[in-house]
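Each reported figure results from applying straightforward, stated rules to the coordinates on display, with no laboratory input. Keep in mind that what you see is a predicted model, and the values were worked out from it rather than measured. Please note: Cβ atoms are built from the backbone with ideal geometry, for glycine as well, and neighbour counts cover all protein chains shown.
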Amino acid sequence: MDSGSNALKKQLWSAYQEDRKAALHAGEGKCACTASGRQCEGYEKYPVFINRGQQGLQKSKRLEEARPAQAGHVVASAVSSHGKRSPIVSSPACRYLFEYQCISVFWESFSARSVTAGRPASDPAWLHHILNIPSPTDILRQALLSLAYTRLGRLNDDAATVLRGQQVYGKALKAMQQALYDPHWSRHEETLAAARCMVLYESFESTSESMTSWFNHIGGVARIIEVRGPRTHRKPLQRTILESMRYNAMIACMMRRQNSFFAQHQWLTEPWMDDTKSLEQRYVDQGFVLSSMYEKSDAMLQRNLGGDMSIREEIFEILRRLLDGLSNLQDLSQELAEVEGQYARSKPAGYNVKELCTPQTGEVSIAVASATIIALELSCAMLAAALVDRYTDRLHLDDDDSGILADISPYLDQCRIFTLSRQLLQDLQTCLEGNFDCTRARLIFPLNVVRWELREFPEDSAKVRELFDFAAAKGKYRIVRSVQKAGRSSVPSIVLNVRK
């Protein structure tokens, strides 16, 4: 057996031991005492897990203190969070103990750093809330297990564990298909939670050679969310799932150059009626606006109107929206810089605050937020430059049109674009060097953008390829390789056809 497999099994051995002891205490097995004809005193003290936290192995309470009021159940604690409840799965049957400890180990390896020193991780928030669901349904349990088995198997080069995860995922898919045909379960929060876990699974495993499976799952979860309606996503579990899926949907829409219902007014406002939007969710709003502009520009190109005067208003409406987007993104970038400065002042010299996840940035680190904002800025500028280059010299411009061109011109300056591209590359290197698995899936979009912007600079292009390779191979994110293979197919058609 290889060293990776041994390491994984050592991590989970304590869970197996407690599972076995609890089963004996419940009378479900035979121990050495009964086998030899002696009287067995059993396991009167209730078993608990010893968890590995940020400070290392955590010493358990005295066993009798850990016994819950109701006998016959074991509470497996994954990790503590913000000094409140731990993400746990309550009261599992004895046969599930090993499974839930496996999920706990997966969480510890996947979660990100809190802003407060000494606090365990709680990001991604949607997964943290899912792990707090007591007595999850079979479909949710299977979705979580498929994630845990395959991820731990991949990271430890344990083919048997990966295979087990794939088998569990097949069962979860079948259960999901059945749930979606049921009027009650299709709208149930745990069905939504299980579907969200499956999107993450597809980013790890990418069950098709292209991005098709990943896109399909994103579209499926988006449809579940749409049917449930915007006002049903105000509670912490539902809203954090919504927020994480908005980012995934934004990426899918931009790469497919499609509009989304997420850009509609009620979906931009109603889920946050009782709270404020994080900086992360506000830049995602800009991404949905940009994806709709991609769709419109591609439609114009397909109509092949060339210099037709009838499209002047359509072109300049897109340019107005892009100008507003660039201005908003610049404001968000300044706000992020202030957040970074605030945390830098509170940390010791040399501390890399860019790796922190903050309340302002949501479930992503400062570096990931910075990379995404820059990628959106570059994408807006790329589309605007293509529209200006292809159409404006063929059209009669009035004073308002000339004013828009004058306002947007500084954003299209090649020196500015090159500087932003280099900064994006630096942010991506910081993100991938971090120790937090959950943030790496967020780098697909920025990686794709910087690859295009620096394509004519061999040294920088080589660095981008190294980042793709790191995320896909060492990071074990198969979807990254699918995005890399897609190449120019994700670039707006009008950009590819400019000057042709």
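The modelled label-to-label distance between Ser402 and Arg223, using points 7 Å beyond Cα along the C-beta direction, is 5.2 nm.
Taking the mean number of other Cβ atoms within 10 Å as a proxy for protection, how do you rank 177-187, 133-143 from highest to lowest? Before the final figure, lay out each step's value.
Values: 177-187: 12.6, 133-143: 20.1.
Going by the mean number of other Cβ atoms within 10 Å, highest first, we get 133-143, 177-187.
Extending 7 Å from Cα along the Cβ direction at Lys347 and again at Ala299 yields two label points whose distance is 4.5 nm. Spin-label pair Thr269-Ala337: with each label point 7 Å from Cα along the Cα-Cβ axis, the two points sit 3.2 nm from one another.
By how many nm would the segment from Arg488 to Gln429 grow when fully extended, if each residue of separation counts as 0.36 nm and the alpha-carbon distance is taken off? Each step should come with its number before you reach the end.
Values: separation 59, 0.36 × 59 = 21.24 nm, distance 2.23 nm.
Result: 19.0 nm gained on full extension.
Annotation note: GluC sites (Glu not before Pro) in the stretch 326-419 located in DSSP loop regions with a Cβ neighbour count of at most 10 within 10 Å are absent. For the stretch 280-303 versus the stretch 189-264, the spacing of their alpha-carbon centroids is 18 Å.
The residue list Gly487, Val449, Ala471 was ranked by how far each Cα lies along the charge dipole of the stretch 441-496 toward its positive end, using unit charges on Cβ atoms, and Ala471 comes out on top.
Contour minus end-to-end for Arg234 and Asp393, with contour as 0.36 nm per residue of separation and end-to-end as the Cα-Cα distance?
Values: separation 159, 0.36 × 159 = 57.24 nm, distance 4.83 nm.
Full-extension gain reported as 52.4 nm.
Which length gain, in nm to one decimal place, applies between Glu456 and Gln258 when the Cα-Cα distance is subtracted from 0.36 nm times their residue separation?
Details: separation 198, 0.36 × 198 = 71.28 nm, distance 2.77 nm.
Extra length available between Glu456 and Gln258 comes to 68.5 nm.
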